[in-house]
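Sharing a structure below in structure tokens format, with a few things to ask.
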């Protein structure tokens, strides 16, 4: 099992490390439009490719939607209570605890561990978490709610369009599916390279508040895992959905949490440090989950 996990994890870690190295030594990843390319073209194409090529019934996606929303709601309630007990500001830290890195890290890791069949569930979960970032996250940090940010999101538009296409049973021309697959193929590698680039911008000196940083890091990973385990225990999910949900929910703090905190004057330095600490912790916990729970074997 350990060698299997390492074989699946190696491409993910290598690509992220390559992105880190490129960011430190070159300007190849400096173009601001690169992340927009992934957001506006790559990820929507990945969603459409997964939906149009899915072998499972469309209602399996509705199960995934309900499951991840349940995880986020449960995490928000427990996280708010935990932050209050710890004496930390709910406004600044709750979104970070609730919303994992299901995009840059979660999607590639699920694909590496579980294969093509799990990809649709991974991108659906990631899209819901994106919505959470721009609802719960923006609302907490800014005190305002933006519906425009949700309905203008390319991933959400692609998800809705793909579901409508599949439900109606329209035939997808081969030329269209080949084009979507080609565009989708760039997404996972570029996402990992950008993840590495984002890590290069984090100031390691912020690890000075080690106790708080470690506590928040453990809180993010264990809160997500615990909430997902509770949902999996209650809902009759297909094995591939349950596996994807558990892995995605256990992911570390998302880089977008740092970006939003920087924009809205939140605790960005703490969040940057938690990203670094929670990432290896998350990968260790995912391996433990794979070992302990037979349903994931």
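The values are calculated or read from the model by the stated rules, or taken from the named source; none is laboratory data. Computed from a predicted structure; not experimentally measured. Virtual Cβ from ideal backbone geometry, glycine too; neighbours counted across all protein chains shown.
Let me confirm something: among 276, 246, which residue is under 19 Å from the mean Cα position of the chain (by Cα), touching a residue at least 40 places away in the same chain (Cβ under 8 Å), over 11 Å from residue 64 (Cα atoms) and surrounded by fewer than 20 Cβ atoms within 10 Å (Cβ to Cβ)?
Exactly one residue qualifies, and that residue is 276.
Name the helices (runs of 4 or more DSSP H) wholly inside region 238-297 in which the number of residues that are closer than 18 Å to residue 115 by Cβ is 1 or more.
Per the criteria, 239-249, 268-292.
Which condition number in (1) surrounded by fewer than 24 Cβ atoms within 10 Å (Cβ to Cβ); (2) more than 17 Å from the chain's Cα centre (by Cα); (3) touching a residue at least 40 places away in the same chain (Cβ under 8 Å) is the one that residue 292 fails?
All conditions pass for residue 292, except number (3).
Quick one: residue 207 ticks every box in (1) at pLDDT below 80; (2) over 14 Å from residue 270 (Cα atoms); (3) assigned to a helix (DSSP H, G or I) bar one, so which box is it?
Checking residue 207 against (1) at pLDDT below 80; (2) over 14 Å from residue 270 (Cα atoms); (3) assigned to a helix (DSSP H, G or I), the one that fails is (2).
Can you tell me which of (1) at pLDDT below 90; (2) touching a strand residue (DSSP E or B) at 6+ places or on another chain (Cβ under 8 Å) is the one residue 224 doesn't meet?
Result: residue 224 fails condition (1) only.
Out of 103, 82, 92, I need the residue that is in contact (Cβ under 8 Å) with a residue 24 or more places away in the chain, assigned to a helix (DSSP H, G or I) and under 16 Å from the mean Cα position of the chain (by Cα). Which one?
It is 103.
Considering only residues that are surrounded by 20 or more Cβ atoms within 10 Å (Cβ to Cβ) and modelled with pLDDT under 85, look in region 17-45 and name the one that is farthest from the chain's Cα centre (by Cα).
So the residue we want is 38.
Tell me the residue from 155, 132, 126 that is under 21 Å from residue 66 (Cα atoms), at pLDDT below 85 and surrounded by 17 or more Cβ atoms within 10 Å (Cβ to Cβ), please.
Exactly one of 155, 132, 126 is under 21 Å from residue 66 (Cα atoms), at pLDDT below 85 and surrounded by 17 or more Cβ atoms within 10 Å (Cβ to Cβ), namely 155.
Do any residues in region 148-174 that are under 15 Å from residue 50 (Cβ atoms) have Cβ atoms under 9 Å from those of residues that are modelled with pLDDT under 80 and surrounded by fewer than 10 Cβ atoms within 10 Å (Cβ to Cβ), where the two are at least six apart or on different chains, and which pairs are they?
none
Considering each of 119, 140 in turn, give the residue that is in a helix (DSSP H, G or I), touching a helix residue (DSSP H, G or I) at 6+ places or on another chain (Cβ under 7 Å) and either at positive phi or without any contact (Cβ under 8 Å) to a residue 60 or more places away in the chain (or both).
On inspection, the qualifying residue turns out to be 140.
For (1) closer than 30 Å to residue 174 by Cα; (2) at pLDDT 90 or above; (3) out of contact with any helix residue (DSSP H, G or I) (no Cβ under 8 Å at 6 or more places or on another chain), each residue gets a yes or a no:
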| residue | (1), (2), (3) |
| --- | --- |
| 47 | yes, no, no |
| 53 | yes, no, no |
| 57 | yes, no, yes |
| 60 | yes, no, no |
| 63 | yes, yes, no |
| 71 | no, yes, no |
| 74 | no, yes, no |
| 84 | no, yes, no |
| 89 | no, yes, no |
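A further question on this structure: Does residue 198 satisfy the condition of being modelled with pLDDT of 85 or more and either more than 27 Å from residue 36 (Cα to Cα) or assigned to a helix (DSSP H, G or I) (or both)? It would help to see each step written out before you state the result.
Numbers: modelled with pLDDT of 85 or more: no; either more than 27 Å from residue 36 (Cα to Cα) or assigned to a helix (DSSP H, G or I) (or both): yes.
No, not satisfied.
Could I ask something else about it? Looking only at region 64-81, which residues are crowded, with 20+ Cβ neighbours inside 10 Å and more than 15 Å from residue 248 (Cα to Cα)?
Pass one, region 64-81, residues crowded, with 20+ Cβ neighbours inside 10 Å: 64, 67-68, 71-72, 75-76, 79.
Of everything in region 64-81, those that are crowded, with 20+ Cβ neighbours inside 10 Å and more than 15 Å from residue 248 (Cα to Cα) turn out to be 76, 79.
Continuing with the same structure: Considering only residues of region 163-189 that are assigned to a helix (DSSP H, G or I) and modelled with pLDDT under 85, which is surrounded by the fewest Cβ atoms within 10 Å (Cβ to Cβ)?
168
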